[in-house]
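Each remark here refers to the structure printed beneath this line.
The values are calculated or read from the model by the stated rules, or taken from the named source; none is laboratory data. These figures come from a predicted structure and were not determined experimentally. Heads up, the Cβs are rebuilt from the backbone with ideal geometry, glycines too, and the neighbour counts pull from every protein chain shown. Surface areas here come from the heavy atoms of the whole protein model, side chains and all, with no ligands, DNA or RNA. Shrake-Rupley method; radii C 1.70, N 1.55, O 1.52, S 1.80 Å.
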Amino acid sequence: MNGWLGALEDARVSVNDRGYNFGDGVYEVVRAYNGVMFALEEHLERLALSAAAVEIDLPWEPARLKNITKDTLGKSGIKEALVYIQVTRGTAPRNHVSDEEMRPNLLVTVRNMPHIPPSLYTEGVKAITMPEFRWQIRNVKSISLQASVLAKRRAERAGAAEAIFVLPDGTVTEGASSNIFIVKDGVLMTHPADNRILAGVIRHFVLKVAGTLDVKSVVEPFNILDLVKAEEVFITGTVAEVVPVVNVDGKIIGGGRPGPLTARIHKGFVSLIK
Ligand code: PDD
């Protein structure tokens, strides 16, 4: 691990490792037969492609990674092995987009190849089908946040504070780390709390505050056109509470100034806390 070599159970990782906090890393599993890794180069090529796709700059030349991996396998003394290579974005206090320069963390582990019963090949196995749901359990406040991290990085590069997700049919769901509300014809709108969004705690209280202020709200999907034409837009979350959005994709919202309803809702929310 980062140049340290020892028993697997003695390896230590910071609780601020991006892998631990965000699932923000990439990996490979390589098989070693009689002390020789099969297709190590192909695996390392894919690792580099994965890293590039999630904007992790690998600080090691391919030849160096190859040597580290071979060296680790060699020193383990294990001949029939599974070699695991993991790179996380680095270590920094939890923040989707970190200000700190991070050096990626590299972990290489070597384990004995698990026993594979011969019946696997002679008898075959059963399988079941299910709807493809990967990345689609957004109602879970999961630490698998790599896509959100990427979205935040891209937003930051565009000079934006938040990335707002839009489904292929144009439906606006939520922000990368916030829920989104629009004001349309004086009515507050936000996406229903289903598996397409994280049901934010602040979202819940904002709807409650709207009720006490006699502001009409509907919990219904709205689309990108509704968003850019909205009278007001704001995002909600635990860290910054209620934040007015005045520009989306370069289009000015509500004259480019925070709207009155957003301010009323935020004020109502703050008094509710008090
Ligand atoms: N994120 N949607 C997503 C995808 C979020 O990550 C968050 C919060 C919210 C708002 O939830 P709440 O109102 O409960 O804070 C909505 C936190 C703040 C984070 O990851 O840092």
(message) Residues of segment 76-107 with the amide nitrogen closer than 12 Å to a label point 7 Å from the Cα of Val13, along Cα-to-Cβ, please.
(response) 85-91, 105-107
(request) Roll a 1.4 angstrom probe over the protein heavy atoms and tell me the percent of accessible area of segment 8-112 that is carbon or sulfur. (result) 50 percent
(request) List the relative contact order of the chain as a percent without decimals, with contacts defined as Cα pairs under 8 Å and 6+ residues apart. (result) 14 percent
(message) Let me make sure I get this right: for the chain, a, b and c are the square roots of the gyration tensor eigenvalues over alpha carbons, sorted descending. Under 1.5 in a/c it's rounded, otherwise prolate if a/b > b/c, else oblate. Which is it?
(response) prolate
(request) Please go through segment 101-147 and write out the chymotrypsin sites (Phe, Trp or Tyr not before Pro) that DSSP classes as loop and that have at most 13 other C-beta atoms within 10 Å. (result) Phe133, Trp135
(message) Probe of 1.4 angstrom, ligands and nucleic acids ignored: what's the accessible area per residue over segment 102-165, in square angstrom?
(response) 77 Å²
(request) Can you tell me the order of 173-180, 211-218, 5-12 when each peptide is scored by its average per-residue count of other Cβ atoms within 10 angstrom, highest first? (result) 173-180, 211-218, 5-12
(message) Between Asn2 and Ser271, what's the calculated FRET efficiency when r is the beta-carbon distance and R0 is 35 Å? Round to 0.05.
(response) 0.10
(message) Give me the count of lysine pairs in the chain whose alpha carbons sit under 26 angstrom apart, restricted to pairs 8 or more positions apart or on different chains.
(response) 22
(request) Assuming R0 = 41 Å, can you tell me the calculated FRET efficiency for the pair Asn247 and Trp60, based on Cβ-Cβ distance, to the nearest 0.05? (result) 0.55
(message) Using a 7 Å offset from the Cα along the Cα-to-Cβ direction at both Val239 and Asp194, what is the distance between the two label points in nm, to one decimal?
(response) 2.9 nm
(request) Could you check the simple spin-label distance between Lys141 and Ile128, using points 7 Å along Cα→Cβ, in nm with one decimal? (result) 2.9 nm
(request) Compute the label zone of Ile116 within segment 79-93: residues whose backbone N is under 20 Å from the point 7 Å along Cα-to-Cβ. (result) 79-85
